[in-house]
1. Please report how far the C-alpha centroid of segment 64-89 lies from that of segment 20-44, rounded to the nearest whole angstrom.
2. Counting other C-beta atoms within 10 Å, which of 7, 48 has the fewest, and how do the rest follow?
3. What residue among 63, 75, 43 shows peak mean-square fluctuation when the chain is described by a Gaussian network model with Cα springs under 10 Å?
4. Arrange 88, 83, 50 by Cβ neighbour counts within 10 Å, fewest through most, would you?
5. Specify the angular offset, from 0 to 90 degrees and rounded to the nearest 10, of the alpha carbon long axis of helix 3-48 from the longest principal axis of the alpha carbons in the chain.
6. Here are some values of P(r) over Cα pairs in 10 Å bins from 0, in percent: (i) 14, 32, 19, 12, 10, 8, 5, 0; (ii) 16, 49, 27, 8, 0; (iii) 14, 28, 20, 15, 11, 8, 4, 0. Which one was computed from this structure?
7. Where does helix 62-88 land angle-wise versus the long Cα axis of the chain, in degrees 0 to 90, nearest 10?
């Protein structure tokens, strides 16, 4: 095997390895997005008592949006912290 062939094989292995890593990262990102959406929905249900319709948020007064946003942010933080703590056990 020549030096050029060895170098070529090395680059092929690196390229395929990065491709596999990229696929794994993409799948992890998709899963993280799904979990984040679930966190938001659960926070909405916890704070408001139900899931709002798409246009319903825009109809709320600004003060109510601010209150809900802060409460939902805290609920999401709590869910993330609980998941993180559970994962470390």
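A short reminder: the numbers here are calculations on the coordinates, not readings from a lab. Small disclaimer: the values here were computed from a predicted structure and weren't measured. Methodologically, a virtual Cβ is constructed for each residue, glycine included, from the backbone with ideal geometry; neighbour enumeration extends over all protein chains shown.
1. Centre-to-centre (Cα) distance: 16 Å.
2. Neighbour counts put them in this order, fewest first: 7, 48.
3. For the chain, modelled as a Gaussian network with Cα springs under 10 Å, the answer is 63.
4. In increasing order of surrounding Cβ atoms, one gets 88, 50, 83.
5. Here the helix axis deviates by roughly 10 degrees.
6. Derived directly from the coordinates: (iii).
7. 50
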